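One structure is given here, and the rest of the page talks about it.
The values are calculated or read from the model by the stated rules, or taken from the named source; none is laboratory data. Being a predicted model, the structure only gives us computed values, none of them experimental. Note: ideal-geometry Cβ built from the backbone for every residue, glycine included; neighbour counts use all protein chains shown. To get the accessible areas, we keep the full protein, side chains included, count just its heavy atoms, and leave off ligands, DNA and RNA. Shrake-Rupley method; radii C 1.70, N 1.55, O 1.52, S 1.80 Å.
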Amino acid sequence: KVSGSYITEDLRDREDDVIWRVRWGDDWLYVYLLLEFQSSVDRFMAVRVMTYLGLLYQDLIRQGAFTPNGKLPPVLPIVLYNGENRWTAAQNVADLVEQVPGGLERYRPDLAYLLLDEGAVISDPEWSDHMRNVAAALFRLEHNRDEQDMLEVLGTLVEWLKAPEQTGLRRAFVVWIRRVLLPNRAPGMELPEFNELQDLHEVHDMLAERIKQW
């Protein structure tokens, strides 16, 4: 994880960026991920993303964080949206700018962001269970219809994440379920001590028993 705190020219701080540098093969590929968590549709999100990207590059220039070829690293901007209505805003800033005639067209800004619309993902056949996509399973947990649906997704994750090398990912799911998902979904539910639920299948079994009681 890379610090997302940098200061604009007018000294306003931005502290809410989540930026990562990604390992690619045997080397570091300088890719930074900008995530904008949105619960409502922002028509001009593409302009915001373009602004954030410019601020990030200014900060990287100050740090001297260039690629081995002396260039700026590539950036993947991601908008993660969890609102009830589907996302309708333009995903490229070019679509927000009036087209201009002739040769001036080349000067229109062109920058796209990757949209993850949770509601669209969980209803899209391309993100179905046979794809074994952990992000889609996480979105399904967040948008579960009822306790049985939650239990079904957890059972799927237990099957997908049973390999020894996935221990850290299982643990991350356990922490998120215990500290975020369950307190919001079932605030009155009594939970066993955290240390007694060290793995995902234990959470699944515990919830299965609670659902029987309900």
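Before moving on, here are some points about what is shown:
- Filtered residues of the range 114-135 (kept if open to solvent by less than 80 Å² (accessible area, probe 1.4 Å) and under 19 Å from Ala163 (Cα atoms)): Asp129, Asn133, Val134, Ala135
- Arg48 being more than 15 Å from the chain's Cα centre (by Cα), at pLDDT 85 or above and in a loop (DSSP other than H, G, I, E, B): no
- Candidates Asp27, Asp17, Asp13, Asp59, filtered to the one that is of a type in the set (Asp, Glu), surrounded by 15 or more Cβ atoms within 10 Å (Cβ to Cβ) and modelled with pLDDT under 75: Asp17
- Selection from the range 149-193 of residues that are open to solvent by less than 50 Å² (accessible area, probe 1.4 Å), outside any helix (DSSP H, G or I) and modelled with pLDDT of 80 or more: Leu161, Ala163
- Of all the residues in the range 136-148, those that are open to solvent by less than 40 Å² (accessible area, probe 1.4 Å) and in a helix (DSSP H, G or I) number 4.
- When the range 194-213 is filtered for residues that are touching a helix residue (DSSP H, G or I) at 6+ places or on another chain (Cβ under 7 Å), part of a helix (DSSP H, G or I) and either among the β-branched types (Val, Ile, Thr) or modelled with pLDDT of 65 or more (or both), the ones remaining, listed by number, are Leu200, His201, Val203, His204, Leu207, Ala208, Ile211.
- Complete set of residues in the range 70-97 that are open to solvent by 30 Å² or more (accessible area, probe 1.4 Å), modelled with pLDDT of 85 or more and in a loop (DSSP other than H, G, I, E, B): Gly70, Lys71, Leu72, Pro74, Asn85, Arg86, Thr88, Gln91, Val97
- From the list Leu53, Leu104, the one residue that fits, being at pLDDT 85 or above and either surrounded by 13 or more Cβ atoms within 10 Å (Cβ to Cβ) or in a loop (DSSP other than H, G, I, E, B) (or both), is Leu53.
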